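The values are calculated or read from the model by the stated rules, or taken from the named source; none is laboratory data. None of these values were measured; they are calculated from a predicted model. Please note: Cβ atoms are built from the backbone with ideal geometry, for glycine as well, and neighbour counts cover all protein chains shown. All accessible areas refer to the heavy atoms of the entire protein, side chains included, with ligands and DNA or RNA removed. Shrake-Rupley method; radii C 1.70, N 1.55, O 1.52, S 1.80 Å.
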Amino acid sequence: MDNVATAGSLEAANKKLVAEFMEVFTSGDVEAILGYLAPTATWWVAGTIDGISGTKTKEEFREMLSGLSATTRTGAIALTPRAWTAEGDRVAVETESYSEMANGRVYNNLYHFVFEIRDGLIESVKEYLDTEHTRAVFLAP
């Protein structure tokens, strides 16, 4: 019985951490966002989008975030969690994004994120998204 209570507490704490991370992500404060990531954290994005897809170290993710922030009118992409699943050190979140871009387009994508949490920090993220929408908003002439 104690293991069940402990696991539930761990999962609740991990969901809370990811929810806070998404709120901070929405602010666009790159250093605050990175504060949620472990020093060895990785961020993987699905697809074959130059400069976005693939696995990034924490430092490479910083560079990507800084670049993305510069393309938005508000300096941020808002993330809104829609559905959650948590088990052990893993938190999966169906999420919707929204941002008005400097190029006049609107970025409104749907994601499935899988976070792995270790010692109260995000150790890895897998980001599944509509790559064609991303390409159309960020890269189309």
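General observations
- For the chain, the per residue solvent-accessible surface stands at 53 Å², with DNA, RNA and ligands left out and a 1.4 Å probe.
- Within the accessible area of the chain, the carbon and sulfur atoms contribute 54%, probe 1.4 Å, all protein chains present.
- Cα long-axis angle, helix 58-70 against the chain (0 to 90 degrees, to the nearest 10): 40 degrees
- Over the chain, relative contact order from alpha-carbon pairs under 8 Å, at least 6 apart, %: 24 percent
- The magnitude of the dipole of the range 40-87, with charges of +1 and -1 set on the Cβ of Lys/Arg and Asp/Glu and taken from the Cα centre, is near 180 debye.
- Computed lengthening from residue 112 to residue 98, 0.36 nm per intervening residue step minus Cα-Cα distance: 3.6 nm
- Using θ = phi - 60° in the Karplus curve 6.51 cos²θ - 1.76 cosθ + 1.60, the 3J(HN,Hα) couplings for the range 14-20 round to 5, 4, 4, 4, 5, 4, 5 Hz; x is entered for Gly and Pro.
- Reported label for calculated Rg and Dmax of the Cα atoms in Å given [x] 14.7, 44; [y] 32.7, 96; [z] 15.3, 58: [z]
- Net dipole in debye of the chain [+1 Lys, Arg Cβ; -1 Asp, Glu Cβ; about Cα centre; nearest 20]: 280 debye
- For the range 52-102, the relative contact order is 33 percent, taking Cα pairs closer than 8 Å that sit 6 or more residues apart in sequence and dividing their mean separation by the residue count.
- Dipole of the chain, positive direction: furthest Cα of 75, 112, 40, with charges on the beta-carbon: 75
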